[in-house]
Amino acid sequence: MATVMQKIKDIEDEMAKTQKNKATAHHLGLLKAKLAKLRRELLTPTTKGGGGAGEGFDVTKSGDARVGLVGFPSVGKSTLLNKLTGTFSEVASYEFTTLTCIPGVITYRGAKIQLLDLPGIIEGAKDGKGRGRQVISTARTCNCILIVLDAIKPITHKRLIEKELEGFGIRLNKEPPNLTFRRKEKGGINFTSTAANTHLDLDTVKAICSEYRIHNADITLRYDATADDLIDVIEGSRIYTPCIYVVNKIDQITLEELEILDKLPHYCPVSAHLEWNLDGLLDKVWEYLCLTRIYTKPKGMNPDYEDPVILSSKKKTVEDFCDRIHKDMLKQFKYALVWGSSAKHKPQRVGKEHELEDEDVVQIIKKV
């Protein structure tokens, strides 16, 4: 492991020394590809000995969504968990109070959201320092990440935590790169672009592919992509997660400082200790999770508005709804009646491909 760490440090030092211009783009692309491969090796060591893969804390996934609290020690993650969920996570004024992962559950707008209080991470977590590897491996399983920052500490902590998470293949508030990468049997590297390209040229693309021992592939860019985007697509193990920057302890700063913080994108100011703006934080978490609530209606009865079925915004067809209730339901499915914003008239008779909207009411009609 030490040799991998040393290699990573050597490459990072070389990248820091290299000037960025067109002449060095090919060399930097090669270094970035090597770095990505070494980082993957850190996560999943190839040797049989050693500490095994980068495993997270053993916390059973429960509820409809999972939200992780990530941050440096003593920024108020445990206090936030205690106030939001009523779960007890030890709180003290010294650093590293929380040593393992503490789960809690919030019921919000009918959805059960699991909140994980992860131990504080330190700089160098992506390289295995502290319990960083376990913390970040657990963060990879979350539907949304809350980066908790201390308002009275430097805002540069935000960049440090982003760097640690990105080193583990977590991309915050980003969409997957809009480029196509397809391996083939023969024909060499075929590189086409439908947009003006300032970062990548054929030589850089070939250098990155040769580092992964790929000699035949079709690559199509639909926007001005960087070498990092191409490496992310080739690696294929990247996770794109929405993220909210929770600035805690705002009761200890001035109004002018708060106005400066207000310019941060994806930001939410709170004071966990005094319970300021916790409702605003929950609203923002709900918005970033993009959940859809669907109410069930048994035949001849009123809809059940107490216990909605929660679907993600990417999978919200009638088929997904049936799967969520019971896996055998689709075998007996005949059609569904839908009331709500996705229906053209009330009720609309639909098949299993119909896309549902938030707060629709659905009645499933089974085969006799």
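Observations on the structure shown:
- Protection proxy ranking, peptides 274-281, 292-299, 327-334, 73-80, average beta carbon neighbours within 10 Å, highest first: 73-80, 292-299, 274-281, 327-334
- Residue-normalised accessible area of the chain, expressed per residue, 1.4 Å probe, Å²: 53
- A P(r) calculated from all alpha carbon pairs of the chain, with 20 Å bins opening at zero, reads 24, 48, 27, 1 percent.
- Long-range HN-HN contacts of residue 174 with modeled amide H, under 5 Å: 241
- The alpha-carbon of residue 249 sits under 15 angstrom from the alpha-carbons of these aspartates and glutamates, leaving out residues fewer than 8 places away in its chain: 150, 257, 259, 262, 275.
- Gain in span if fully extended, residue 152 to residue 11, counting 0.36 nm per residue against the direct Cα distance: 47.3 nm
- Straight-line cross-link partners of residue 206 among the lysines, defined as a Cα under 20 Å from its Cα and at least 8 positions apart when in the same chain: 20, 22, 32, 34, 37, 184, 186.
- 25 °C / 0.890 mPa s Stokes-Einstein diffusion coefficient of region 223-297, Kirkwood radius on C-alpha pairs, µm²/s: 157
- Computed lengthening from residue 329 to residue 275, 0.36 nm per intervening residue step minus Cα-Cα distance: 15.1 nm
- Computed over neighbours whose Cβ is under 9 Å from that of residue 169, the net charge equals +2, Lys and Arg +1, Asp and Glu -1.
- A 1.4 Å probe, protein heavy atoms only, puts the accessible area of residue 256 near 120 Å².
- For q = 0.13, 0.14 Å⁻¹, Debye-computed log10 I/I(0) when each Cα of region 214-353 counts as one equal scatterer: -0.90, -0.93
- Distance between the modelled labels on residue 19 and residue 163, one decimal in nanometres: 2.4 nm (7 Å Cα→Cβ projection).
- Size of electric dipole in the chain: Cβ of Lys, Arg +1 and of Asp, Glu -1, about Cα centre, debye, nearest 20: 1540
- Note on residue 316: aspartates and glutamates with a C-alpha under 15 Å away, same-chain residues under 8 apart excluded, are 64, 353, 355, 357, 358, 359, 360.
- Relative contact order for the chain, counting Cα pairs under 8 Å that sit 6 or more residues apart, in percent: 14
- Each Lys or Arg adds one and each Asp or Glu subtracts one; over the other residues with Cβ under 9 Å from the Cβ of residue 317, this totals -1.
- Rg and Dmax of region 197-247, Cα atoms only, in Å: 13.8, 48
The values are calculated or read from the model by the stated rules, or taken from the named source; none is laboratory data. A quick note: this is a predicted structure, and the numbers were derived from the prediction, not measured. All Cβ positions, even for glycine, are placed from backbone atoms using ideal geometry, and neighbour counts span all protein chains on display. Protein only, heavy atoms only, side chains kept; ligands, DNA and RNA dropped before computing areas. Shrake-Rupley method; radii C 1.70, N 1.55, O 1.52, S 1.80 Å.
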